[in-house]
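The values are calculated or read from the model by the stated rules, or taken from the named source; none is laboratory data. Remember, it's a predicted structure, so these values are computed and weren't measured experimentally. Note that each Cβ is placed from the backbone with ideal geometry, even for glycine, and that neighbours are counted across all protein chains shown.
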Amino acid sequence: MHKILVTGANGQLGRAIKRLFGEKYSLLLCDLPEMDITSLTACRNAVREFQPDIIINAAAYTNVERAEDEPDAVFAVNAVGAHNLALACRESDAKLIHISTDYIFDGSRGTPYGEYDSPNPMSIYGKSKLWSENLIRDICDRFFIVRTSWLYGDGHNFVRTMLRLAEERSEVTIVADQHGTPTYAGDLAAFLKQLMHTEYYGIYHATNAGSCTWYDFACQIFACAGRTTAVQPIKTEAYPVKARRPLYSVLDNKMLRLRGFAPLRSWQEALAEYIKNGLK
Ligand SMILES: NC(=O)c1ccc[n+]([C@@H]2O[C@H](COP(=O)([O-])OP(=O)(O)OC[C@H]3O[C@@H](n4cnc5c(N)ncnc54)[C@H](OP(=O)(O)O)[C@@H]3O)[C@@H](O)[C@H]2O)c1
């Protein structure tokens, strides 16, 4: 039975992994406060005791806005934490699966990004995730870096925010000039489950199929949930935020395709099932 250590196990992806991987694997599910990935000792101890075959790092500092105000805290989790896990992996010869983001790209090109395209993050969060990738690439031989986007699952996310707002108001205003791909955490977990058994190490883009704007996403959420909430489109500059987001960060899942994995289903199909199943 494969032994898998999952960090950030109480997050959206962590919960999806817990649900999907079930009894077929021996899982060690870790999260704060018991296991803080910013501590190399904590990472080493967990790995030495459990001796996992695979480590999945689903832990991260994911609040993109707040990240602008506390860069050291962000880099401590996203970069130093990933570094610690990479060091522990190298010592134990475990495979490492690390999750990264579309926000490592600047989104200025307006066409989907391949794994080979040059990153240029514009936010502290994006910079910390890119640095995490570099640290892992420097240290590990047996790693998978999986970049995903606009993730939702069992946790705080855009879908839940929209449905909460629909309870409170009859109209919402949503940014309509940022393009990306909503991705269901359960579908990402299912892909990781296939990928982790292979030796096809390297960088992958893994998102649901298709693309949309946040405005389109909100409209589809309300349609799926049977809400009549009106959605007003606005431009990015009309919604002042601290963190700059890419205007177009659609990820071409090229390596996933070329390595013979089935593409993830469309974002609309995944969203419909998520809402039907009670936002889990
Ligand atoms: N959410 C998105 O839209 C999105 C998009 C692209 C990529 N990603 C990436 O996908 C991965 C999974 O994201 P997610 O949405 O599942 O994240 P999430 O729901 O925010 O979960 C992250 C988990 O990590 C934990 N954590 C934070 N600091 C930690 C530390 N020092 N040590 C151990 N655990 C710690 C968090 O605990 P607390 O809640 O207590 O802080 C939380 O349980 C992350 O790598 C993220 O960067 C996410």
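Of the residues Ala185, Ala262, only one is of a type outside the set (Val, Ile, Thr), within 30 Å of Glu133 (Cα to Cα) and without any contact (Cβ under 8 Å) to a residue 40 or more places away in the chain; which?
Values: Ala185 fails: without any contact (Cβ under 8 Å) to a residue 40 or more places away in the chain.
That would be Ala262, the only listed residue that is of a type outside the set (Val, Ile, Thr), within 30 Å of Glu133 (Cα to Cα) and without any contact (Cβ under 8 Å) to a residue 40 or more places away in the chain.
Residue pairs whose Cβ atoms lie under 9 Å apart, sitting 6 or more positions apart in sequence or on different chains, and linking a residue in the range 89-106 that is modelled with pLDDT under 95 to a partner that is within 10 Å of the ligand (Cβ to nearest atom), do not occur here. Being in contact with an Asp or Glu (Cβ under 9 Å, 6 or more places away or on another chain) and among the aliphatic types (A, V, I, L, M) is a property that Ala42 has. Of everything in the range 237-269 that is within 21 Å of Arg66 (Cβ to Cβ) and either among the β-branched types (Val, Ile, Thr) or modelled with pLDDT of 95 or more (or both), the residue that is surrounded by the most Cβ atoms within 10 Å (Cβ to Cβ) is Ser249. Residues in the range 134-167 that are closer than 11 Å to Ser100 by Cβ and either among the aliphatic types (A, V, I, L, M) or assigned to a loop (DSSP other than H, G, I, E, B) (or both): Ile136, Ile145, Val146, Ser149. Answer yes or no: is there a residue in the range 176-196 that is charged (D, E, K, R) and over 24 Å from Pro121 (Cβ atoms). There is at least one residue in the range 176-196 that is charged (D, E, K, R) and over 24 Å from Pro121 (Cβ atoms).
If you check Trp150 against the conditions, is it farther than 27 Å from Gly260 by Cα, among the aromatic types (Phe, Trp, Tyr) and within 13 Å of the ligand (Cβ to nearest atom)? Steps first, answer last, please.
Working: farther than 27 Å from Gly260 by Cα: no; among the aromatic types (Phe, Trp, Tyr): yes; within 13 Å of the ligand (Cβ to nearest atom): yes.
Taking the combined requirement at face value, the residue does not satisfy it.
Is at least one residue of the range 111-122 polar (S, T, N, Q), in contact (Cβ under 8 Å) with a residue 60 or more places away in the chain and closer than 13 Å to Arg244 by Cα? No.
Considering only the range 169-191, state which residues are within 15 Å of the ligand (Cβ to nearest atom) and either of a type in the set (Asp, Glu) or under 12 Å from the mean Cα position of the chain (by Cα) (or both). Full working, then the answer.
As a first pass, look at the range 169-191 and keep what is within 15 Å of the ligand (Cβ to nearest atom): 175, 178-191.
Hits for the range 169-191 are Thr181, Pro182, Thr183, Tyr184, Ala185, Gly186, Asp187, Leu188, Ala189.
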